[in-house]
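Asker: Sending over a structure as structure tokens; questions will come in a sec.
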Amino acid sequence: MKRKDEFRRKGLSRRQLLLAGSAGAVSLAMPHVVSRAYAQATAAPSVDAAKAEGPVVVWHGDQEADVVEFLKVFTEKTGVPAVQQRLLPGQALPKLEAEFRAGQTSGDVYLTSDAGILENLRMQGRMLRYIPKDIDAYGPNYRSSEPGYWTTYYINAGPMMYDLRYVKEEEAPKTWLDLLDPRWKGQIGFQNSAAGTSYGLWFVMKDVLPKDFFDNLGQNNPRAYSSSTQIAQDIERGDLKIGGRVSIFQYTKSVRNKQPVKTVFPEIGIPCVNQPVGIFSTTKHPNGAKIFTEFLLSKEGQFSWNNIQGSYSARPDIQIEHLPDIKTLKLLVPVDFPEYMKPERRREFVAIWNKMTGL
Amino acid sequence: MSVIADSSTERALARTYSFNVRPDVWIPLVLLIGALGFPLFLILTSAFNAGDPEAFPATQYGLDNFVKLSGHLDWIKNTLIVAGGGTALGITIGIVLAWIIHRTTMPGRKLFELLIAIPYPLGPLVGALAWSQLGAPRDGLINRFFTAVSGIDTHLINVYTPLGIIFVEAIFEAPVAVLIIGAAMQRMDPALEECSSIFGSGKLRTAWKVTLPLMLPAVLSAALFMFTSMIGSFAIPTMLGTSSRFYVSTNAMYVLLQGYPPNYPLAAALGLVLIAMTAIAVWLVQRVLRGRSYAVISGKNYRPRQVDMGWVTWILLAISLLYVLLSLILPMGTLILASFQTGNQINFNFPTWTLRNYIYVMFDFPTTQQAIVNSLMLGVGTGTLGVIFATFIAIATHRSRSDGRRLLEQVTMLPQAFPRLIFAVGFLWMILALPLRLYGTLIAVLLAYVIVFLPLAYRGMSGVVVQIDKALEEAARISGANAARIARTITLPLLRPGLLATWALLFMVSVREISASLFLSGPNTQVLGPAIFSFWDSGGMPRVSALAVVQAFIILIALTVVRSMANRSVKA
């Protein structure tokens, strides 16, 4: 009341005047600032500059051979050289943290199985915004809320998998609860707690399965693998009966190799994670990184990548042979993003998962 | 009288409280303390970090991580089971084979000496990879063969068990025991055994009652080396144990470091426990050996009598053949077979076999090309730098009159107590904290290799330096030769066989290295160990087998070249 009186008596104070002036200036400049940021985020990279910058360094958690094959296609199409390093999220993040601390980063582009990680990095100002030309081909669920920080380069669906040579179809599990059957004791495989897909599985299934499901599953001594390739390999060799969650591209690869494998899609749904791509803000090869992202998310790049790997594209205009129609599947995707990103939720998962897999 | 007594007391006191530390001792000492102390300090601070596990440096300190570790005593128990069991089996193999090769008249001893040495440089990664295809419960070649022959649909062996892990560890570390115990056996004074025979003891009783006790220092030295290696062993437990829920300290530590969020503090606390376990083992061995005579392995050149074991010779030959079969022929044969396949299962349908996997890993896959080149460069670099550094240290510890020699020796041997996985993490933190731009360079990997393999290099060079009689150099000096000429014409020629052997050993162990490289190699510094590990993780069995065969081929070529050079050097 006193303040109001003072205002009436003295008019605007210097501070109020400055604030009002700044607000006015910001509001006048905002469209320009926004459009400038947008213009920067959409500015076309230069191929010549990319070549001069040197090879783009791609960090990823995918199968190394697939990424190498794709990089070959990328370099052939664009002329921009690229190298890769396979780092699962658990390996990549500590390395990245250490590199940010030291002010030296070695990666340019990051392909990961954990969109939460890229979203966290975006919030810390560690992701570069670049809006590729084809961004509209990706639905809102498949890209960062402010487009250009990260976009889904494939959808990693995770059904159960088994080999008909070692498990009869009628005996195979049909539901998630079937995994609790003691007949599968020591014969179910999952990826370990370092895999983003394992976190995705736990995150979406914990609310649709009984609360004690993972504790009870632990009684069946499930085995932890560091990659879905190893799970698929042991299934084909008969050393593992059931892949509890196997990345669907392993199924495509097995079918291509004429292996008698089957997938199980329980009615309740299958866990699924978006595999996003983003550019680090500290990239030493900004032109090359943008050209790589542009190509990977283009129709040609998406077909090339998903065909090499055998996975689902987030673009509806891409279909890959041998994969069941994605529209027929009930995919359980992490939707509560703020919750998904919480460190305490991840710690809870790591503790549960490690206990379940005997670590 | 009292004046004389006082002055001698003063001199004694002056000797006690004055240090005569010369540059040949303090320079390497300071360098080593810095290179080891800083990573150790970082590991220590992380282990006692009781606050945010990702905070660096820690903001809160406490014993929380050690308390948490008490809930995972199975990791430590399993580590002791594997290291203890593996050492016991490996030493048994080592004693038997060393005795067969060096103390009996078994035919083909020279050939077996060479064949038995090969599995060590091939390394645990190759061993684990091959045995996962030989001894897998369902699809392993041995079990398939057993089922085909017997008609019984069950497995004969399962390598994915603690016993399987102990077995693979033992057969791939046993060559070191053969080398260390064999060297002692070759220099043993035969008079003691002859006495035993004169007093009526049989050959086996003499071997048990006389030869073996005389070998105790060498046996314990080999056991200590194997035990410390197995405590820090990474590839075999990870490849054979993890998927069967068997965790030792290293594969547990790897998951802790790999997981997101990573649990650095718990991994560092576990690393400290491993370092303490190794230190206790070293202390125990020193305590057992204290006061014992090493006369049987001195510089004197005895030629022990070789025993004709009669018909038992054929049993000894069978034992030697069995070892070579299990550690070399079957593993390499399996990897070669797997490398020709198109799928994960080994088939014997020859027309479907392919060389495509070799073309892929050698020509189409840039990572492996880079890894091969980098590993070769690092092998040469580690061999050269390691030999130079170790030679200087060995000369300083054995020839210098400086104080601090014993401390220098102890600090040089310290990396043996560090599991390489945890050392690499500390070393990575150190190079990131230093103002030098070492991160992501081959120089960083090279420095780490030189440090972790320094005990091995020192052990090799120390044995050579101690055998060279100083009188030769002194004679040259009296004859008017300067230091450079003495080094060129006396010291270096005498050191050459040892230099070559140590260089070759360092080259081979660095080419096969994996656990330190996992954390230090980057996109432009790929090396073979992590490349094979990554291929095992995500590339499928045929390709990883092809790459392992290529690595083995490189190591065998190096072994052959150096052996022929060493032979020529000895003849010259």
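The values are calculated or read from the model by the stated rules, or taken from the named source; none is laboratory data. In this text, all values refer to a predicted model and were calculated from it rather than measured experimentally. Using ideal geometry, Cβ is built from the backbone for each residue, glycine included, and neighbour counts are taken over all protein chains shown.
Asker: Does any residue of region A:72-80 turn out to be more than 17 Å from the chain's Cα centre (by Cα), within 14 Å of chain B (Cβ to nearest Cβ) and in contact (Cβ under 8 Å) with a residue 60 or more places away in the chain?
Answerer: Yes: one or more hits.
Asker: I need the full set of residues from region B:242-267 which are more than 9 Å from chain A (Cβ to nearest Cβ) and part of a loop (DSSP other than H, G, I, E, B), in order please.
Answerer: B:Val248
Asker: Same structure, new question: Restricting attention to region B:316-369, which residues are within 12 Å of chain A (Cβ to nearest Cβ), β-branched (Val, Ile, Thr) and touching a residue at least 12 places away in the same chain (Cβ under 8 Å)?
Answerer: B:Thr342, B:Ile346, B:Val361, B:Thr367, B:Thr368
Asker: Now for a separate question. Among the helices (runs of 4 or more DSSP H) contained in region B:72-153, which hold 3 or more residues that are touching a residue at least 24 places away in the same chain (Cβ under 8 Å)?
Answerer: B:73-103, B:109-117, B:119-134
Asker: Okay, moving on. Those residues that are without any contact (Cβ under 8 Å) to a residue 24 or more places away in the chain and more than 26 Å from B:Tyr254 (Cβ to Cβ), I need them from region B:410-448; list them, please.
Answerer: Within region B:410-448, B:Gln410, B:Pro435, B:Leu436, B:Arg437 meet the criteria.
Asker: Which residue pairs have Cβ atoms closer than 9 Å, lie 6 or more positions apart in sequence or on different chains, and pair a first residue in region B:39-65 that is surrounded by fewer than 13 Cβ atoms within 10 Å (Cβ to Cβ) with a second residue that is at pLDDT below 80?
Answerer: So the pair list comes out as B:Thr59/B:Asp52; B:Gln60/B:Asp52.
Asker: Moving on. Just need a number here: residues in region A:145-197 that are surrounded by fewer than 20 Cβ atoms within 10 Å (Cβ to Cβ) and among the small types (Gly, Ala, Ser).
Answerer: The number of residues fulfilling the criteria is 3.
So that you can scan it fast, the table gives a plain yes or no per residue for (1) over 23 Å from B:Pro542 (Cα atoms); (2) at pLDDT 90 or above:
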site: B:Arg103; (1), (2): yes, no
site: B:Leu111; (1), (2): yes, yes
site: B:Leu114; (1), (2): yes, no
site: B:Arg144; (1), (2): no, yes
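Asker: Of all residues in region A:55-71, count the ones that are at the interface with another protein chain (Cβ under 8 Å from one of its Cβ atoms) and closer than 15 Å to B:Gly539 by Cα.
Answerer: 5
Asker: Name the residue that is nearest to A:Phe265 (Cα to Cα), counting only residues in region A:325-338 that are in contact (Cβ under 8 Å) with a residue 24 or more places away in the chain and part of a helix (DSSP H, G or I).
Answerer: Step by step, filter region A:325-338, then rank; the result is A:Ile326.
Asker: Going residue by residue through region B:508-530, is there one that turns out to be of a type in the set (A, V, I, L, M, F, W, C), free of Cβ contacts under 8 Å to residues at least 40 places away in the same chain and either surrounded by fewer than 23 Cβ atoms within 10 Å (Cβ to Cβ) or within 14 Å of chain A (Cβ to nearest Cβ) (or both)?
Answerer: The answer is no; no qualifying residue exists.
Residues are listed down the side, and each one gets a yes or a no for (1) assigned to a loop (DSSP other than H, G, I, E, B); (2) under 19 Å from A:Lys206 (Cα atoms); (3) away from every other protein chain (no Cβ under 14 Å); (4) in contact with a Cys (Cβ under 7 Å, 6 or more places away or on another chain):
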{"position": "A:Ile291", "(1), (2), (3), (4)": "no, no, yes, no"}
{"position": "A:Ile320", "(1), (2), (3), (4)": "yes, no, yes, no"}
{"position": "A:Tyr340", "(1), (2), (3), (4)": "no, yes, no, no"}
{"position": "A:Arg345", "(1), (2), (3), (4)": "no, yes, no, no"}
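Asker: Looking at region B:198-215 only, could you name the residues that are assigned to a helix (DSSP H, G or I) and crowded, with 16+ Cβ neighbours inside 10 Å?
Answerer: Those that are assigned to a helix (DSSP H, G or I) and crowded, with 16+ Cβ neighbours inside 10 Å: B:Lys203, B:Thr206, B:Ala207, B:Val210, B:Thr211, B:Leu214.
Asker: Could I ask something else about it? For region A:111-144, enumerate the residues that are buried (at least 22 other Cβ atoms within 10 Å of the Cβ) and within 12 Å of chain B (Cβ to nearest Cβ).
Answerer: Of everything in region A:111-144, those that are buried (at least 22 other Cβ atoms within 10 Å of the Cβ) and within 12 Å of chain B (Cβ to nearest Cβ) turn out to be A:Thr112, A:Ser113, A:Asp114, A:Gly116, A:Ile117.
Asker: If you don't mind, another one. Could you list, in sequence order, all residues of region A:216-267 that are of a type in the set (Phe, Trp, Tyr) and within 11 Å of another protein chain (Cβ to nearest Cβ)?
Answerer: A:Tyr225
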